[in-house]
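Novice: First the structure, which I've put down as structure tokens, then a few questions once you've had a look.
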Amino acid sequence: MATNLKPVLARLATGETLSAADAEEAFGIIMSGEATPAQIAGLLMAMRVRGETVAELTGAVAAMRARMLAVEAPEGAVDVCGTGGDNAGTLNVSTAVTFVLAGLGVPVAKHGNRALSSRTGGADVLTALGVNVDVPIERLAGVLRAANCAFLFAPRHHAALRHAAGPRVELGTRTIFNLLGPLANPAGVRRQLTGVFDPRWMRPMAETLAALGTERCWMVHGDGLDELSVAGDNQVVELRDGVVRAFTVTPEDAGLPRAPASAIRGGEAAVNAAALGALLRGAAGPYRDTVLLNAAAALIVADRAEDLPAGVALAASSIDGGAALAALETLRRETA
């Protein structure tokens with residue numbers, strides 16, 4: 001393998017795109033600490049200005065996966081996460097969905113981080129709920145088996161990304177790395193519900209997962225949010241059996257009422273944690289409806305529900321029967 005990016009940068013400077021193999025090699029150089037900050041920044045901006053391709057995404061994700069600290073997950077495990085970047089500051093939806101699914105016996109290997117573009121990230125709200133997000137990595141497989149869910153704290157599993165951290169901060173703009181996290185789950189899940197901040201990336205991300213062996217996924221964007229929203233129409237790009245297709249879903253398709261996005265605006269970790277706890281104890285309203293909608297989609301991805309109304313009914317039973325709350329309590333205990 002080459003040990004510097006100069007030949008790649010020369011190609012990118014002419015507008016050339018990289019094959020998946022070339023991209024994997026280039027990002028391997030970055031993640032191995034062999035590239036200079038200037039070279040990393042040059043590569044990232046050359047791709048950003050021209051537009052990253054599916055082949056480049058595929059190669060970069062492969063490089064990440066080859067260097068991540070992996071976690072063993074049960075068959076059929078799913079991930080529910082978002083890219084971030086919608087700057088909406090909502091209550092934590094995918095984290096709540098995690099417990100709803102776990103309460104139904106669906107193992108969730110949730111990949112996440114602290115707040116980056118929102119006020120409260122998954123790691124922040126879980127910490128406020130009493131979950132230890134820094135549990136030793138070698139214990140995570142056992143946690144996942146016991147609680148049907150585990151939080152995979154991205155910086156611990158993808159330490160090789162530290163080599164690009166400085167250039168990313170100094171650039172101060174979106175790069176390919178903003179798209180890679182949801183595509184590199186440390187448990188190697190083959191089914192996922194992923195919220196995307198910009199709908200133009202939904203199809204490329206789905207096609208990337210297809211190239212990497214994912215069985216089924218929904219990439220979703222709802223009314224400016226990187227999740228399904230009850231505020232209006234939602235865009236979906238589905239990967240199923242190697243076929244990618246796009247469609248739209250509405251709250252009414254799931255039997256749910258509409259509410260403005262402002263109704264689920266969140267705050268600091270303590271505020272979001274209190275709202276999530278109340279939700280799991282049966283509190284009604286737009287937050288519950290948003291979680292039910294997203295959980296229903298995840299249940300379809302997991303092959304546990306045929307359609308959104310069936311998924312909503314199952315998700316509601318997990319909350320109202322106390323199973324979702326019990327999953328949180330088990331996760332708290334298992335990570336102590």
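Novice: Please find, among Thr175, Thr194, the residue that is of a type in the set (Ser, Thr, Tyr), surrounded by fewer than 22 Cβ atoms within 10 Å (Cβ to Cβ), farther than 23 Å from Val135 by Cα and touching a residue at least 60 places away in the same chain (Cβ under 8 Å).
Specialist: Criteria check complete, one pass: Thr175.
Novice: Consider Val71 carefully, then state whether it is part of a helix (DSSP H, G or I) and either touching a strand residue (DSSP E or B) at 6+ places or on another chain (Cβ under 6 Å) or under 27 Å from Gly142 (Cβ atoms) (or both).
Specialist: For Val71, the condition - part of a helix (DSSP H, G or I) and either touching a strand residue (DSSP E or B) at 6+ places or on another chain (Cβ under 6 Å) or under 27 Å from Gly142 (Cβ atoms) (or both) - is not met.
Yes/no matrix, rows are residues, columns are (1) assigned by TED's automatic domain parsing to the domain that holds Arg265; (2) among the aromatic types (Phe, Trp, Tyr); (3) under 30 Å from Ala146 (Cβ atoms):
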position	(1), (2), (3)
Leu43	no, no, no
Gly82	yes, no, yes
Ala88	yes, no, no
Ala102	yes, no, yes
His111	yes, no, yes
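Novice: If you don't mind, another one. Within the set of pairs 6 or more residues apart or between chains, which connect a residue that is over 21 Å from Val189 (Cβ atoms) inside the range 125-150 to a residue that is loosely packed, with under 15 Cβ neighbours inside 10 Å and of a type in the set (Phe, Trp, Tyr) with Cβ atoms less than 8 Å apart?
Specialist: none
Novice: Residues of the range 183-209 being among the aromatic types (Phe, Trp, Tyr) and touching a Ser or Thr at 6+ places or on another chain (Cβ under 6 Å), which ones?
Specialist: Residue satisfying the conditions is Phe197 alone.
Novice: Just wondering, is there one or more residues in the range 167-183 that are touching a helix residue (DSSP H, G or I) at 6+ places or on another chain (Cβ under 9 Å), assigned to a strand (DSSP E or B) and over 30 Å from Ala284 (Cβ atoms)?
Specialist: No, because not a single residue in the range 167-183 is touching a helix residue (DSSP H, G or I) at 6+ places or on another chain (Cβ under 9 Å), assigned to a strand (DSSP E or B) and over 30 Å from Ala284 (Cβ atoms).
Novice: While we're looking at this one, here's another question. Where in the range 197-271 are there strands (runs of 3 or more DSSP E), lying fully within it, with 3 or more residues that are buried (at least 18 other Cβ atoms within 10 Å of the Cβ)?
Specialist: Strands (runs of 3 or more DSSP E) meeting the threshold: 216-222, 234-240.
Novice: Same structure again: Of all residues in the range 272-305, count the ones that are buried (at least 18 other Cβ atoms within 10 Å of the Cβ) and more than 18 Å from the chain's Cα centre (by Cα).
Specialist: 12
Novice: Still on this structure: Taking the range 51-82, which residues are at pLDDT 95 or above and of a type in the set (D, E, K, R)?
Specialist: Glu52, Glu56, Arg65, Arg67, Glu72, Asp79
Novice: Oh, and also: Return the total of residues in the range 318-336 being closer than 16 Å to Leu144 by Cβ, buried (at least 20 other Cβ atoms within 10 Å of the Cβ) and of a type in the set (A, V, I, L, M).
Specialist: Counting residues in the range 318-336 that are closer than 16 Å to Leu144 by Cβ, buried (at least 20 other Cβ atoms within 10 Å of the Cβ) and of a type in the set (A, V, I, L, M) gives 3.
Novice: Just checking, how many residues over the range 83-110 are at pLDDT 90 or above, under 13 Å from the mean Cα position of the chain (by Cα) and within 23 Å of Asp223 (Cα to Cα)?
Specialist: Matching residues across the range 83-110 total 6.
Novice: Tell me, please, whether a residue that is outside any helix (DSSP H, G or I), modelled with pLDDT under 95 and more than 17 Å from Phe99 (Cα to Cα) can be found in the range 296-304.
Specialist: no
The values are calculated or read from the model by the stated rules, or taken from the named source; none is laboratory data. Quick caveat, the model's predicted, so the values are computed rather than measured. All Cβ positions, glycine included, derive from the backbone under ideal geometry; neighbour counts span all protein chains shown.
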